[in-house]
Amino acid sequence: MAANTEDFVIVGAQNSEANEHISKPALSFWQDAWRRLKLNKLAVISLWFLVFILGFALVSNFFVTQNKANAFDSDNVGKYKNLPPNSGLPIPGWDGKLKEPGATDTTDPYKNNNVKQNFILGTDNIGRSLGKRVIVGLRISLLVAISATFIDLLIGVTYGVFSGWKGGWVDVVMQRIIEILSSVPNLIVVTMFGLLLGNGVTSIIIAIAITGWLSMARQVRNMTLSLKERDYVLAAKSLGESSTKIAIKHLIPNMAGTIIVQIMMTVPSAIMFEAVLSAINLGVKPPTASLGSLISDAQSMLQFYPYQVLIPSGVLVLISLAFILLGDGLRDAFDPRASED
Amino acid sequence: MTEETPKKLVELNDLQLYFNKGKANEVRAIDHVSFDIYEGEVFGLVGESGSGKTTIGRTILKLYEPNGGTMTFDGEDITKLKGKELSNFRKNAQMIFQDPQASLNGRMKVRDIIAEGIDINHLAKSKDERNAKVQELLDLVGLNKDHATRYPHEFSGGQRQRIGIARALAVDPKFIIADEPISALDVSIQAQVVNLMKELQKKHSLTYLFIAHDLSMVKYISDRIGVMHWGKLLEIGTSDAVYNHPLHPYTKSLLSAIPVPDPEAENLRQHVDYDTTIETDGKERSMIEVNPGHFVLATPEEAEQYKQQQK
């Protein structure tokens, strides 16, 4: 066995230190994703917008309480009702002037009704500040968004990883459960919980909890099925790593991109879901404002007081759009191959 | 060869593993395979794609459950290992994977990849000790210390494969299954990795099961070679015997497929076709020792025939 004793001789550059040196700075997966995200202007703007909105909603808890937004002066409904947005500055359309239904000239309801206060976003049909009500509605939308995220992460990811990892009949049963749940219309679930717990944010969140994580669980299961055959998972197995550790160290970090993008898709649909439910009176209870209920309340007056519909709709559209644009940017940032063309 | 009866480290006895057992699409990935690996040797396993080489490697590491037969490691039956004993066994037997890109988790730093085995088996008491061990392993496979904080995608194929080797060595194993460790690398890097593996074998007195489909490379590194086809082991012998005096027609066919690095000789090279009816005619075949230490899967008559052909 003479051949066994001699080594190959490497011709040319030897295994020197310089040969092995990497001069490129070390970028982690997250740093790299952040670098790519920054290239997408719209996504960055959306990100900062959402950060601002979230911060604003948190801080607003201290100075705009639910009660304040719901309260109205029952003796002066006529004086305060349907006041147009007034910034206090001579900006056309935002100066507190309004063309009354049927009138030819614009009038100034603030001066006519002797209102001292300036309502930046106007008032609704019983004289409540629309600004305050939109802030409360925004908070509810974001609460729904955050709880949808949590449920997606908690139930969806765990369920998906478990189902994909176990495989076999466990997987079959778990997938059939998902199919059964997803065949139940959301509306029925919400109505049932509305009957059980009374309409409100809680029953909406529970309805989302029951149905919202299904697509996340499916996606995560698919990823798990493909990732669990990867060599690094086999390597971890052959080193004796436990299944839980493999899931935490190897599976979830490698599907982080999918998970985040999936969340960004779930959030706007959860927000819309809440708005739709509130609009058809299955959502939050009347004195409480939600973007959906504000829109549906003002709908009948759309021709006379369009701002009462436009303002909450605008906020709703902006949040959803920001989530969608950010989600788009994140998908590109996490999966550069998918967006090369 | 001097007969000193070396110690058997791994013994496979009538091992079977069928995928989709009892169904129409049953695959006999390992079909009654028996062989031994002696301590300190390199056992090469060759065969075409899908012949069950990799499956055997993974079954030995208990990544798959065999349907029948027994496996022994260092005198201990490992066929039904569970729990504590299984994790002890895994400290002794490790694997190097084929695709260095796929075998490293891209979200982890090289330090954490290499230290995975150290963490699992609590081999380091403190963070400093862990780092020192990783450092030592990086040195061993010829990588720099500043590589520890980098991510796998920043490395070349050969470097990645060395990280994979360092990971396998972290638990100080006796036995390493190298599952086509060089087939994903280009030729100059293949030499680098094979040399490293040989060097490590000397330093750490390792035993290898070297799985590959490149017969010339297997001959270079192995002491003994086993030839597999369709889940069956067809021939076992010392690498010289198998390479220079092949018995089984399949081995002959495999050897005739090796390109010769000389255009004139290459032009004259005749490929020997392999007639698979020899495996499918349903006759009872067993491993028969035709020459000392050189076994072939055959009926007694065929074995006699093979013997005659040699002369």
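The values are calculated or read from the model by the stated rules, or taken from the named source; none is laboratory data. Note that this is a predicted model, so its numbers are computed, not measured. Every residue, glycine as well, gets a Cβ built from its backbone with ideal geometry; the counts of neighbours run over all protein chains shown.
Here are the numbers:
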quantity: Residue in the stretch B:223-238 that is surrounded by fewer than 18 Cβ atoms within 10 Å (Cβ to Cβ) and at the interface with chain A (Cβ under 10 Å from one of its Cβ atoms) present; calculated: no
quantity: Residue satisfying all of: in the stretch B:239-266; within 24 Å of B:Tyr38 (Cβ to Cβ), polar (S, T, N, Q) and in contact with an Asp or Glu (Cβ under 9 Å, 6 or more places away or on another chain); surrounded by the most Cβ atoms within 10 Å (Cβ to Cβ) among these; calculated: B:Thr251
quantity: Verdict on B:Arg111 being over 28 Å from B:Ala166 (Cα atoms), among the basic types (Lys, Arg), touching a residue at least 24 places away in the same chain (Cβ under 8 Å) and surrounded by fewer than 23 Cβ atoms within 10 Å (Cβ to Cβ); calculated: no
quantity: Verdict on B:Tyr208 being among the hydroxyl-bearing types (Ser, Thr, Tyr) and under 13 Å from the mean Cα position of the chain (by Cα); calculated: yes
quantity: Matching residues, the stretch B:174-220, being more than 29 Å from B:Pro259 (Cα to Cα), surrounded by fewer than 21 Cβ atoms within 10 Å (Cβ to Cβ) and out of contact with any Gly (no Cβ under 9 Å at 6 or more places or on another chain); calculated: B:Lys174, B:Leu200, B:Lys202, B:Lys203, B:His204
quantity: Failed item in (1) surrounded by fewer than 21 Cβ atoms within 10 Å (Cβ to Cβ); (2) at pLDDT below 85; (3) over 30 Å from A:Phe334 (Cβ atoms); (4) within 11 Å of chain A (Cβ to nearest Cβ), with B:His153 passing the rest; calculated: (3)
quantity: Per-region count, the stretch B:74-99, residues away from chain A (no Cβ under 12 Å) and either among the acidic types (Asp, Glu) or touching a helix residue (DSSP H, G or I) at 6+ places or on another chain (Cβ under 9 Å) (or both); calculated: 4
quantity: All helices (runs of 4 or more DSSP H) inside the stretch B:215-311 with 1 or more residues being aliphatic (A, V, I, L, M), farther than 29 Å from B:Ala191 by Cα and out of contact with any helix residue (DSSP H, G or I) (no Cβ under 9 Å at 6 or more places or on another chain); calculated: B:300-310
quantity: Hits in the stretch B:125-140 (condition: free of Cβ contacts under 8 Å to residues at least 60 places away in the same chain, within 14 Å of another protein chain (Cβ to nearest Cβ) and surrounded by fewer than 21 Cβ atoms within 10 Å (Cβ to Cβ)); calculated: B:Asp139
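Residue-wise test of (1) buried (at least 21 other Cβ atoms within 10 Å of the Cβ); (2) not small (Gly, Ala, Ser).
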{"site": "A:Leu197", "(1), (2)": "no, yes"}
{"site": "A:Ile210", "(1), (2)": "no, yes"}
{"site": "A:Gln219", "(1), (2)": "no, yes"}
{"site": "A:Asn222", "(1), (2)": "no, yes"}
{"site": "A:Ser226", "(1), (2)": "no, no"}
{"site": "A:Ala236", "(1), (2)": "yes, no"}
{"site": "A:Ser242", "(1), (2)": "no, no"}
{"site": "A:Pro253", "(1), (2)": "no, yes"}
{"site": "A:Ala256", "(1), (2)": "no, no"}
